[in-house]
1. Roughly how many whole Å is it from the C-alpha centroid of segment D:11-71 to that of segment B:84-134?
2. Considering every residue in B:95-104, what mean count of other chain Cβ atoms within 10 Å of its Cβ is obtained?
3. Among the helices of chain C (complete DSSP H runs), which have Cα atoms covering no less than 24 Å along the helix axis and a Kyte-Doolittle mean of at least -1.0?
4. Output the peptides D:49-59, D:63-73 sorted from most to least packed, where packing is the average of other Cβ atoms within 10 Å over each peptide's residues.
5. Jot down the radius of gyration and Dmax of the protein assembly as shown, Cα atoms only, both in angstrom.
6. Sort largest first and round to whole Å: the equivalent ellipsoid semi-axes of chain C, each the square root of five times a Cα gyration tensor eigenvalue.
7. Roughly how crowded by other chains is peptide D:9-17, in terms of the mean Cβ count from those chains within 10 Å of each of its Cβ atoms?
8. Using a 1.4 Å probe, what is the accessible area per residue for chain D, in Å²?
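The values are calculated or read from the model by the stated rules, or taken from the named source; none is laboratory data. Note that the structure is a prediction, hence the values are computed from the model and not measured. Note that each Cβ is placed from the backbone with ideal geometry, even for glycine, and that neighbours are counted across all protein chains shown. These area figures cover heavy atoms from the full protein model, side chains too; ligands, DNA and RNA do not enter into them. Shrake-Rupley method; radii C 1.70, N 1.55, O 1.52, S 1.80 Å.
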Amino acid sequence: MPQLNSTLHETMELHELLNFKTICMTTSKMAQGVVFDQDLKALLEKDVQQSRQAITVLQGLVIKTQPQ
Amino acid sequence: MSYEKKPINALKGPMNNDYLEIQNSEGMPGLVDSTIALNFLLNAKSGIKNCATALTEIADPEARKEIHNMLNAQIDLHAQISELMMNKGWFHPYHVAEQFKLDLVSAQAAVQISNMQLFPGNTSRLGTFATPNY
Amino acid sequence: MGLLQNLAGMGDMTEQVIATDFLISAKAGVRNYAVAISETATPEVREVLHRHLDVAIDTHEKIFNYMTKKGYYHANNPQEQLIVDAKAADTVLDIQ
Amino acid sequence: MLEGKRISPHETFELHEIVSFKNICATKASAMAGLVTDEELSTLLQQDFTTSQEHIAELKDLIQSSELWDENQLPNNH
């Protein structure tokens with residue numbers, strides 16, 4: 001039986017979040033090219049920046065908690 | 001901008017397939033923006049739930065701190081999106097009847113869009129990309 | 001038998017049952033608050049729920065740490081956790 | 001109490017869910033705090049009960065400023 005790693009559960013959760021954030025950022029980035037309203041565009045750009053930071057953080061955490 | 005007040009009402013009759021014709025694209029900006037804003041809002045809602053769920057499953061203190069920050073940012077973003085949608089008249093949480101009317105019109109528009117021929121039949125553009133072995 | 005009698009009949013398991021129930025409630029609380037916030041439009045409501053959510057997250061963390069310390073919960077060792085779960089299940093199955 | 005805008009129906013339902021959940025949690029915490037022998041666990045439960053009571057009071061205030069709130073619907077008014 002393979003040894004279950006100490007933080008497998010955490011890593012799985014972090015991967016879920018990472019995937020979600022990746023998709024959100026891509027969607028917001030693409031949507032910016034389609035919207036007419038400039039307020040909405042600004043908010044989408046804010047989300048892109050926020051998500052980019054979040055993705056960087058999550059990448060670090062995923063590596064840190066990676067099953068050995 | 002006038003379209004901000006009644007974005008979707010512009011869809012009066014059945015949608016014409018000749019959507020490049022100026023008069024048929026009336027109301028388009030509001031329709032596009034409200035749809036994208038709704039998608040954005042739903043994403044923000046899922047983001048809040050996902051962050052909170054992750055927080056209840058993660059023990060690592062550093063990860064918890066980062067995800068808690070993410071959760072707070074996500075809640076603020078959700079607040080801003082819903083406020084923007086309310087200001088533009090795309091979202092009526094205090095006026096349920098109005099919201100239901102809007103939802104039905106949006107749904108109808110989406111159904112009409114689903115029947116449109118928006119893209120060329122063959123969308124393979126591989127020749128224009130550097131992917132010789134694809 | 002009533003709830004309290006059942007609990008009392010569990011002997012040294014009583015504390016663990018109560019703590020686990022507390023942990024599960026705390027977890028559900030965090031999720032419930034998150035769902036409620038995602039449906040909120042009024043700033044005042046959002047402010048109150050956000051504040052409560054932070055407390056709920058804090059409570060969950062406290063009880064989680066307590067259970068880890070007591071050995072009721074083995075987040076770092078899923079295999080050990082499964083054994084604890086199986087023991088608890090046996091206790092429940094023995095209730096008449 | 002809130003000025004101008006009142007709490008929307010959807011929010012009210014969410015608040016209702018939270019209050020019901022919190023009521024059960026607080027009641028349980030209060031009962032269990034007396035039942036456990038471990039000092040630390042008892043303190044945790046007691047603390048949770050106290051903050052839960054404060055939270056429930058706040059949530060109740062919010063519900064009472066909802067547009068669905070109607071004093072005349074209270075059972076003792078009938």
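1. Between the Cα centres of segment D:11-71 and segment B:84-134 lies a distance of 42 Å.
2. 1
3. C:14-38, C:43-70
4. The densest-packed peptide leads the list: D:49-59, D:63-73.
5. 25.4, 80
6. Whole-Å semi-axes of the equivalent ellipsoid: 32, 16, 11.
7. For peptide D:9-17, the averaged partner shielding equals 5.
8. Using a 1.4 Å probe on heavy atoms only, each residue of chain D averages 60 Å².
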